[in-house]
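Values quoted throughout were computed directly from the atomic coordinates according to the rules given, and no laboratory measurement underlies them. All figures in this text were calculated on a predicted structure; none of them were measured in a lab. Positions of Cβ are generated from backbone atoms using ideal geometry, with glycine treated the same way; all protein chains shown enter the neighbour counts.
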Amino acid sequence: MSVSIIIGIDPGSRVTGYGLVRSLGERLEHVDHGCIRMAHSEQAERLREIYEGLGEVMERFAPGEAAVEEVFMGRNAASALKLGQARGSAIVACISRGVPVAEYSARKVKQAVVGSGAAGKEQVQHMVKLLLDVDGVIAEDAADALAVAICHAHTRDSLVRIAAAGSQAASYSRRRFRL
């Protein structure tokens, strides 16, 4: 059974959520979660805070994989640009520590956790608490980050099963037809 720690990241230019889960085969276990709240008003300083804050979290928990939510393009291009920069800072924090990064759309994350890509924030928070058996309140940004980690664990496990099934089918074909 493969055991790994996955960090999920919900990047934001004012608050960046993070959540860590331990993947124990098909079972997930809550490790930690929290928010990095930006103290500075200048965008460059905020990007540094994201990079350093996530770096501290990764040094403490040593995740083997990372998953980041993709940018949702709304009506405000300036906000989308700042969010894209926050994502970039988060991705660099992971990659510079040798942690591979997967990216997922908000719709895919909601689908993986709730079963509907149109689920609301409250539904996501509720399901994250249920799936990880967490008591108490989880901040919205941290719940979203945990949801991204859960989505990655489920997606990765599905891809492994598909690859294994393909390998078994190819092996069967070689034996049966002596390829």
Q. Computed on alpha carbon atoms, what radius of gyration and Dmax characterise the stretch 8-63, expressed in Å?
A. 12.8, 43
Q: Enumerate lysine pairs in the stretch 3-177 that are 8 or more residues apart or on different chains, then count those whose Cα atoms are under 20 Å apart.
A: 5
(Q) If you scale each eigenvalue of the Cα gyration tensor by 5 and take the root, what three semi-axes come out for the stretch 1-124, rounded to whole angstrom and sorted largest first? (A) 23, 20, 12
Q: Enumerate by residue number the trypsin sites (Lys or Arg not before Pro) in the stretch 47-109 meeting two conditions: DSSP loop (anything except H, G, I, E, B), and at most 10 other Cβ atoms within 10 Å of the site's Cβ.
A: ARG75
Q.
Can you give me the C-alpha center-to-center distance between the stretch 17-59 and the stretch 115-136, rounded to a whole angstrom?
A. 19
**Q.** Value in Å of the Kirkwood radius, where the stretch 100-151 supplies the Cα pairs that are averaged
**A.** 10.8
